[in-house]
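Here's the structure we're looking at; comments come further down.
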Amino acid sequence: MTLDDLLQKVKEQSNRSIVIAHATDLSLFLAAKQAIEGKIGSFIFIGPMDVMNNLKLESGFTEETEAKIEWVDSKSPHESAQKSVQYVSSGLADVLMKGMLSTSILLKAVLHKEYGLRTGKILSHIAGFSIPNKDNILFVTDAAMNIHPSLKEKAEILQNAVNTVHLIGIHRPKVAVIAAVETVNPAMEATLDAAALTLMNQRGQITRCIVDGPLGFDNAISLEAAKQKGITSSVAGMADILLVPTIEVGNTLYKSLTYFGGAIVGGMIVGAKAPVILTSRSDSVDSKLFSMAMAVSSSSVNK
């Protein structure tokens, strides 16, 4: 599936609502305007009304754009986070998106015992990369949430990713469990976990996917590299999802694909009752649209 395929798929779905917590930055308005024009979804903007009114004028919203937006006043980032999460938990919105507030404030509301979005699953991050000269989106997990996951946590992170891409439209995805080498080495925890995850998949403990590892990054994505190393695998060279061993590996890979690889990247947190989009001011409009499309297309993952 390409990024264009994903955007087309979202257009054909029933309308989904994205609530933005503390919508006080112009880039959010410009991204929402393009998302509405691209039929990705409708929006609920929560934040100080005076700030949002000024940004609405600056972004050049039309009457058609405004018809797809609900405006909710909020006096502080904490209030915006609470109201946004409550919109999702009550079923009034399908996707939660971070605006101009800290991630910690938003996640505190997401994890609130009374109105939060807990499901009992681990929360993990999945990123999609649309890479020049590569036909399909490449997914990476977990580059932003879990620091050094245990084997049990890796299995849950992997299943979160599989469930998500399954809803996006990739059935029975191929998952490469990444390590520094392709052989099991008792001195390297990542290789032991990779072998265990592969066996768990073969025995039906991890479902709806094909898992293989340990695999290096090169032979996970390149058939030629896998062939040169003599690796026979139904995943090597054709991976849809890369499961990284630690956040440092994931974060470095994320930034390398973005800055050196020229990839457009979309990302979100999964495992809650609804997808949670975490964006920064520096993200391009294309990146924000990619994240929105991923979230909207997978917004029934926990329903």
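Using the structure shown, decide if S84 is in contact (Cβ under 8 Å) with a residue 40 or more places away in the chain and either under 20 Å from P275 (Cα atoms) or open to solvent by less than 40 Å² (accessible area, probe 1.4 Å) (or both).
Spelling it out, S84 is indeed in contact (Cβ under 8 Å) with a residue 40 or more places away in the chain and either under 20 Å from P275 (Cα atoms) or open to solvent by less than 40 Å² (accessible area, probe 1.4 Å) (or both).
Among the numbered criteria (1) in contact with a strand residue (DSSP E or B) (Cβ under 9 Å, 6 or more places away or on another chain); (2) modelled with pLDDT under 95, which single criterion is violated by T65?
For T65, the exception is condition (1).
Kindly list, by first and then second residue, each pair from a residue in segment 199-225 that is within 21 Å of I170 (Cα to Cα) and free of Cβ contacts under 8 Å to residues at least 40 places away in the same chain to a residue that is basic (K, R) and open to solvent by less than 60 Å² (accessible area, probe 1.4 Å), limited to pairs with Cβ atoms under 8 Å and residues at least 6 apart or on different chains.
Between residues of segment 199-225 that are within 21 Å of I170 (Cα to Cα) and free of Cβ contacts under 8 Å to residues at least 40 places away in the same chain and residues that are basic (K, R) and open to solvent by less than 60 Å² (accessible area, probe 1.4 Å), the close pairs are I210/K174; D212/K174.
Can you report the number of residues in segment 205-232 which are under 28 Å from the mean Cα position of the chain (by Cα) and part of a helix (DSSP H, G or I)?
The total comes to 8.
Of all residues being touching a helix residue (DSSP H, G or I) at 6+ places or on another chain (Cβ under 8 Å), farther than 26 Å from S104 by Cβ and assigned to a helix (DSSP H, G or I) in segment 36-60, which is least open to solvent (accessible area, probe 1.4 Å)? Just the residue, please.
Checking each candidate, the answer is I36.
Would you be able to tell me the number of residues in segment 166-188 that are surrounded by 22 or more Cβ atoms within 10 Å (Cβ to Cβ) and part of a helix (DSSP H, G or I)?
Residues flagged as surrounded by 22 or more Cβ atoms within 10 Å (Cβ to Cβ) and part of a helix (DSSP H, G or I) within segment 166-188 amount to 1.
Show the residue pairs that are 6+ apart or on different chains and have beta-carbon atoms under 7 Å apart, the first residue being within segment 60-77 and farther than 15 Å from A21 by Cβ, the second being surrounded by 15 or more Cβ atoms within 10 Å (Cβ to Cβ) and not aliphatic (A, V, I, L, M).
If the second residue must be surrounded by 15 or more Cβ atoms within 10 Å (Cβ to Cβ) and not aliphatic (A, V, I, L, M), the pairs left are F61/K33; T65/K33; K68/S42; K68/F43.
Specify which of the listed residues (L6, L28) is over 24 Å from I105 (Cβ atoms) and open to solvent by less than 20 Å² (accessible area, probe 1.4 Å).
L6
So which residues in segment 245-274 are of a type in the set (A, V, I, L, M, F, W, C), open to solvent by 50 Å² or more (accessible area, probe 1.4 Å) and in a loop (DSSP other than H, G, I, E, B), if there are any at all?
Within segment 245-274, F260 is the sole residue that qualifies.
Just to verify a result, which residue in segment 104-133, among those that are polar (S, T, N, Q), touching a residue at least 24 places away in the same chain (Cβ under 8 Å) and closer than 28 Å to S256 by Cα, is least open to solvent (accessible area, probe 1.4 Å)?
The extreme case among them is S124.
For segment 230-244, which positions are touching a residue at least 12 places away in the same chain (Cβ under 8 Å) and open to solvent by 20 Å² or more (accessible area, probe 1.4 Å)?
The answer is I231, S233, S234, M238, D240.
Would you be able to say whether some residue in segment 277-295 is part of a helix (DSSP H, G or I), touching a Pro at 6+ places or on another chain (Cβ under 6 Å) and open to solvent by less than 20 Å² (accessible area, probe 1.4 Å)?
Yes; the residues of segment 277-295 include at least one that is part of a helix (DSSP H, G or I), touching a Pro at 6+ places or on another chain (Cβ under 6 Å) and open to solvent by less than 20 Å² (accessible area, probe 1.4 Å).
In this structure, is T191 out of contact with any Ser or Thr (no Cβ under 6 Å at 6 or more places or on another chain) and open to solvent by 10 Å² or more (accessible area, probe 1.4 Å)?
No.
Which condition breaks for E156 when tested against (1) within 17 Å of the chain's Cα centre (by Cα); (2) of a type in the set (D, E, K, R); (3) crowded, with 21+ Cβ neighbours inside 10 Å?
Result: E156 passes all but (3).
The values are calculated or read from the model by the stated rules, or taken from the named source; none is laboratory data. Computed from a predicted structure; not experimentally measured. No Cβ is skipped: glycine too gets one built from the backbone with ideal geometry, and neighbour counts run over all protein chains shown. Quick note on the areas: whole protein, heavy atoms, side chains included, nothing else; ligands and nucleic acids left out. Shrake-Rupley method; radii C 1.70, N 1.55, O 1.52, S 1.80 Å.
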